[in-house]
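**Q** Please read through the structure below; I'll follow up with questions.
No value in this document is a laboratory result; all are computed from the given coordinates. Since we're looking at a predicted model, the values are computed, not measured. Cβ coordinates were reconstructed from backbone atoms using ideal geometry, including for glycine residues, and neighbour counts include every protein chain displayed.
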Amino acid sequence: MRIISIILAGIIAVSSGLAADTAAAEDRKTLGFGRLFTNDFFGDGDDRWRSGSYSWSLVRGYEWNGRPPEAAFELMEYRVRTEIIAPRRLNGVGSDDRPYVGALTFGAHTHFARGAYDIAAGAEITAVGPQTGLGELQEWFHVLVDAPTPRVLDDQLENAVHFGIGAEVSRPVRLNDRTTIRPFAEVKTGPEDFARVGFDVMYGRIGQSDLLIRDVPTGQLYRGVEGVEGVDGGLAFTFGADYTHVADSAWLPDDRGVTALNNRTRLRAGAHWQFAEDVSFFYGLTYLSEEFEGQPEGQLLGSLKLNLNF
């Protein structure tokens, strides 16, 4: 029953934020929705480690003119995210190299600008453990598709709730009407405490004035609010990289016989395809370096988004 309380708390938090929107200004409106599904099946094809995640964002504000507003809290993003982190094998040899994690997160984030810099800052609450039901959901799905049945749920991380805050500062540099470079720095506390620096490049006609939201496991940028260029179709290509120093990780506790690596890197590339004004598709591929001692190699994750607005 605890997970029901957590879900209700998340719904109440989001509803309270939406109510505050309405109370603050009646003309505040929904500007867009962002979503991204990530799974290693669409990457290297193995069911392991950062196995899968789904992120959904609701963006509300007064208007969108291609840049975040200058005042904080005028534009708000309300995010719900799930993630499954698994050992190298769901049963048999390798099923104990890291603990199984099922995490459910609710967050509220504000996006605003300070001069040439874009800032995203927010707070999150993350539930982990059997209370989330994500392990049972994966087990049910694997039985449905005749995939290997997880035998590691008895060894997953215990029920817990983590509170976190974080902020990212980026500096979009628009070289021309098709090319933007976005160096960024990020700090975050919560299930994992870390500091990160990196960059992203977007090339193409679409997306240059979108509100871009960073996916947590991969760093891929997905479109939260579509821009004002008036482009009905086209392609945009993205690539990026970042380096992370991890100070502490609840996903890799020392008392479970696993030691987290302090330094990680990510490399990513993707393509946004705008079929028409209301139809778009994204596919991204991300390389994650090793996260713990004894992990024999990194992994590739694939990310998908199909957007249909009618």
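**Q** How long are the semi-axes of the equivalent ellipsoid of region 21-160, defined as square roots of 5 times the Cα gyration tensor eigenvalues? Whole Å, largest first.
**A** 38, 15, 14
**Q** Here's something else I'd like to know. Under a Cβ-Cβ cut-off of 14 Å, what is the net charge of the residues other than residue 82 that fall near it, where Lys and Arg count +1 and Asp and Glu count -1?
**A** 0
**Q** For labels at residue 137 and residue 119 in the simple 7 Å Cα→Cβ model, what's the distance in nm?
**A** Distance between label points: 3.4 nm.
**Q** Something else: How large is Rg over Rh for the chain, taking Rg from the Cα atoms and Rh as the Kirkwood inverse mean of 1/r across Cα pairs?
**A** Ratio of gyration radius to Kirkwood radius for the chain: 0.96.
**Q** Here's a follow-up. Compute a Gaussian network model of the chain, connecting alpha carbons closer than 10 Å, and tell me which residue from 197, 246, 93 fluctuates the most.
**A** Of the options given, 93 has the highest mean-square fluctuation.
**Q** Given only helices, namely DSSP H runs of n ≥ 4 each adding -39500 (n - 2.57), what is the per-residue ellipticity at 222 nm of the chain, to the nearest 500 deg cm²/dmol?
**A** Helix-only estimate at 222 nm: -3500 deg cm²/dmol.
**Q** Give a quick list of chymotrypsin sites (Phe, Trp or Tyr not before Pro) in region 107-140 that DSSP marks as loop, anything other than H, G, I, E or B, with at most 10 other Cβ atoms within 10 Å.
**A** Here no chymotrypsin sites (Phe, Trp or Tyr not before Pro) fit, given the DSSP loop and packing criteria.
**Q** For the chain, set up a GNM with springs between Cα atoms under 10 Å and report which of 86, 247, 185 has the largest fluctuation.
**A** Comparing 86, 247, 185 in a Gaussian network model of the chain, the most mobile one is 247.
**Q** What is the helix-to-structure angle for 2-24, meaning the angle in degrees between its Cα long axis and the longest Cα principal axis of the chain, kept from 0 to 90 and rounded to the nearest 10?
**A** With both axes taken from Cα atoms, the answer is about 10 degrees.
**Q** Kindly express, to the nearest 10 degrees and within the range 0 to 90, the angle between helix 134-144's C-alpha long axis and the longest C-alpha principal axis of the chain.
**A** Around 80 degrees separate the two axes.
**Q** Kindly write out, for region 90-102 in residue order, the coupling ³J(HN,Hα) from the Karplus curve 6.51 cos²θ - 1.76 cosθ + 1.60 (θ = phi - 60°), rounded to whole Hz, with x marking Gly and Pro.
**A** Along region 90-102, the couplings run 7, 7, x, 4, x, 7, 10, 6, 7, x, 6, 10, x Hz.
**Q** Say a site is exposed when it is one of the GluC sites (Glu not before Pro), sits in a DSSP loop, and has at most 13 other Cβ atoms within 10 Å; what is then the longest site-free stretch of the chain?
**A** 159-276
**Q** Please list log₁₀ I(q)/I(0) at q = 0.12, 0.14, 0.19, 0.21 Å⁻¹ for region 105-230, using the Debye equation with identical point scatterers on the alpha-carbon positions.
**A** -0.63, -0.78, -1.05, -1.17
**Q** Could you list which residues have their amide H under 5 Å from that of residue 97, counting only those 5 or more apart in sequence or on another chain, with H placed in the peptide plane?
**A** The list, which skips near neighbours in sequence, is 88, 89.
**Q** Starting from one equal scatterer on each C-alpha and no solvent at all, send me the Debye-based log10 I(q)/I(0) for region 214-310 at q = 0.11, 0.19, 0.22 Å⁻¹, two decimals.
**A** Evaluating at q = 0.11, 0.19, 0.22 Å⁻¹ gives log10 I(q)/I(0) of -0.45, -0.91, -1.10.
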